[in-house]
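All remarks here apply to the structure that follows.
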Amino acid sequence: QVQLVESGGGLVQAGGSLRLSCAASGLTFSRNAMGWFRQAPGKEREFVAAISWSGGMTYYADSVKGRFTISRDNAKNTVYLRMNSLKPEETAAYYCAASGTLLNFASPDYDYWGQGTQVTVSS
């Protein structure tokens, strides 16, 4: 079955950096667009970033443009999210997602989701 396993979350001070990873198995990774979403307690899940199957196109929420970078390594079936200049309000569980058919990468209608990794940004 399809598995998406996130890692790399943790506690970081405001202004700090983290790199999240999402390892995929059970699917043809190179044929799937990948996305990162986050959800803070009491809030809806929100789009953070996405990358096309080839890595040739990337998309970001306005709030993270210039600070976050999404990338992928199709040889390792892994997608990454580099997060710089983190803010306390970005404390959330971060989820990766995969879709082989989605056209709107910012939509939450991905086919598969990971369990999430917690990112806590202290002030």
### Message
As an exercise, use a Förster radius of 25 Å and the Cβ-Cβ distance of S17 and D111 to find the FRET efficiency, rounded to the nearest 0.05.
### Response
0.25
### Task
Select from F37, L20, A97 the residue farthest towards the positive end of the dipole of the chain; place +1 on Cβ of Lys and Arg, -1 on Cβ of Asp and Glu, and compute about the Cα centre.
L20
#### Entry: Separation of alpha-carbon centers, the stretch 55-114 and the stretch 24-50, rounded to whole Å
6 Å
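Restricting to DSSP loop positions (anything but H, G, I, E, B) with no more than 14 other Cβ atoms inside 10 Å of their own Cβ, which GluC sites (Glu not before Pro) remain in the stretch 44-98? All intermediate terms of the calculation are to be shown ahead of the outcome.
Values: sites: E44, E46, E89, E90; in loops: E44.
Here the sparse-neighbourhood loop sites are E44.
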### Query
Roughly to the nearest percent, how much of the accessible area of the stretch 17-111 is carbon and sulfur, given a 1.4 Å probe?
47 percent
### Message
Show me, for the stretch 108-118, the HN-Hα J-couplings you get by feeding each phi into the Karplus relation (A = 6.51, B = -1.76, C = 1.60, θ = phi - 60°), rounded to Hz, glycine and proline as x.
### Response
x, 7, 6, 7, 9, 9, x, 8, x, 9, 7
### Query
Once amide H atoms are placed 1.01 Å from N in the peptide plane, what residues at a sequence separation of 5 or more from G116, or on another chain, have their amide H within under 5 Å of its amide H?
E6, C96
### Query
Using modelled amide H (1.01 Å from N, peptide plane; none on Pro or chain starts), what sits under 5 Å from the amide H of V48, excluding residues fewer than 5 places away?
W36, F37, R38
### Using θ = phi - 60° and Karplus 6.51 cos²θ - 1.76 cosθ + 1.60, couplings along the stretch 63-78 (whole Hz; Gly, Pro as x)
5, 10, 4, x, 10, 10, 9, 9, 8, 8, 10, 5, 6, 9, 6, 9
### Query
Applying 1/(1 + (r/R0)^6) with R0 = 41 Å to the Cβ-Cβ distance of S123 and T58, what FRET efficiency is obtained, to the nearest 0.05?
0.90
### Accessible surface of R19 - all protein chains present, 1.4 Å probe, nearest 10 Å²
130 Å²
### Query
Rounded to the nearest 0.05, what FRET efficiency do K43 and N104 have when you use their Cβ-Cβ distance and R0 = 25 Å?
0.75
### Message
Under a Cβ-only charge scheme (Lys and Arg +1, Asp and Glu -1), can you give me the dipole magnitude of the chain about the Cα centre, in debye to the nearest 20?
### Response
280 debye
### Query
So how much accessible area does S107 have, in Å² to the nearest 10, using a 1.4 Å probe?
20 Å²
### Summary
Diffing the stretch 34-40: the Karplus 3J(HN,Hα) column from phi (6.51, -1.76, 1.60, θ = phi - 60°), in whole Hz with x for Gly and Pro, holds 10, x, 10, 10, 9, 9, 8
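The values are calculated or read from the model by the stated rules, or taken from the named source; none is laboratory data. The model shown is predicted, which means the values in this text are computed figures rather than measured ones. In this analysis, Cβ positions are derived from the backbone assuming ideal geometry, glycine residues included, and neighbour counts consider all displayed protein chains. Just the protein is used for accessible areas: all its heavy atoms, side chains included, with ligands, DNA and RNA removed. Shrake-Rupley method; radii C 1.70, N 1.55, O 1.52, S 1.80 Å.
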